[in-house]
Amino acid sequence: MTHHPANAQKAKQKKQVLIVDSNHVMGRILGKIIEKAGLGYAVAVTGPEGVEFCKTKQYDMALIEAGMGKAQGVDAIKHIRALSDHYNQIPIIAVSAKLSKEDIKRYLAAGANGTLAKPVNELNLWKELHKNLGVCLSAATRKPQEDDEIYAILDRDEMELLNWDTLKEYSIMLKGEYKRLMHDYLTVSPDHLGEIGEAVIDGNAEKVEYLAHKLKSTSIIFGADDVSNLAAQLEILGKENDLTHAGQFFKELHMSFERVQPVLRKKLAMMKMAI
């Protein structure tokens, strides 16, 4: 059998994802997740820039911030779709904090294949990469840790517990509101965790899914990636109505939050002192 070097080289090339996000740092944060999935990426910070990127290179998928001002994101989706047969077929995901029924209808009408809620959870993004580019999902999902591994969380350095880039960017975007939101998060989350634990014990999969989803979405804003990702794992178990491993995942979630909580309290105190 004859092997063609050009074909072999092409087969080895990474699939490429275009990220269009008005905040370059947030785009890079998404890019790090994409790199973990074995893919390449580029970040454009405006809709027109994203269109220009597509004119000079063929991307295999696009993540476009649909809520950018002056309809830049929606227009970018339309313009990219019109560029070529290739771009008329690639998966385009609209990323937005605004996902009402009307918003979703508008994004899909513009040419998006689906949507991702902001802030973007790592596991949710990985699922889109799996669905659209065939990335192995098992690399993102996992079995629960054993007790000794869970207790090892206590020994982790404080600086490794949070995604400081994410925390910084959301504090800039939300400004003075960020301190209030962090205070509310630290006040409410312990009870929220207790409710998740009770739902796990009761075998109430629907409630586990609902409560875990809420914790997942709020935790990521404060850079608590481990808490967010573990809540996402529980959300999936609830959605699949299979709570076999939910108890162990909850134990890890609880330990992760207990470790993160004092770090966030220190950060909150520092922000208040900086006024």
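The values are calculated or read from the model by the stated rules, or taken from the named source; none is laboratory data. Model, not experiment: these values are computed from the prediction. Because the Cβ atoms are built from the backbone with ideal geometry, glycine has one as well, and the counts that use them run over all protein chains shown. Accessible surface is based on the protein model in full, side chains and every heavy atom, while ligands, DNA and RNA are left aside. Shrake-Rupley method; radii C 1.70, N 1.55, O 1.52, S 1.80 Å.
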Got a number for residues in the stretch 155-180 being assigned to a helix (DSSP H, G or I) and under 16 Å from Asp225 (Cα atoms)? 11
Index of the failed condition, Asn163 passing every other in (1) polar (S, T, N, Q); (2) under 26 Å from Gln72 (Cβ atoms); (3) touching an Asp or Glu at 6+ places or on another chain (Cβ under 7 Å): (2)
Residues that are modelled with pLDDT under 90 and within 24 Å of Gly134 (Cα to Cα): find the helices (runs of 4 or more DSSP H) completely inside the stretch 1-93 holding 2 or more of those. 5-12, 24-36
Could you list, in sequence order, the residues of the stretch 231-275 that are part of a helix (DSSP H, G or I), within 17 Å of Asn204 (Cβ to Cβ), out of contact with any Asp or Glu (no Cβ under 7 Å at 6 or more places or on another chain) and open to solvent by 30 Å² or more (accessible area, probe 1.4 Å)? Ile236, Gly247, Phe250
Could you grab me the full set of residues in the stretch 143-186 that are open to solvent by 50 Å² or more (accessible area, probe 1.4 Å), among the aromatic types (Phe, Trp, Tyr) and at pLDDT 80 or above? Trp164
Residue ID - least open to solvent (accessible area, probe 1.4 Å), chosen from residues in the stretch 205-226 that are modelled with pLDDT under 95 and among the β-branched types (Val, Ile, Thr): Ile220
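Has the stretch 222-235 got at least one residue that is over 16 Å from Ser256 (Cβ atoms) and either of a type in the set (Val, Ile, Thr) or without any contact (Cβ under 8 Å) to a residue 12 or more places away in the chain (or both)? Talk me through it step by step, then tell me what you get.
Residues of the stretch 222-235 over 16 Å from Ser256 (Cβ atoms): none.
No.
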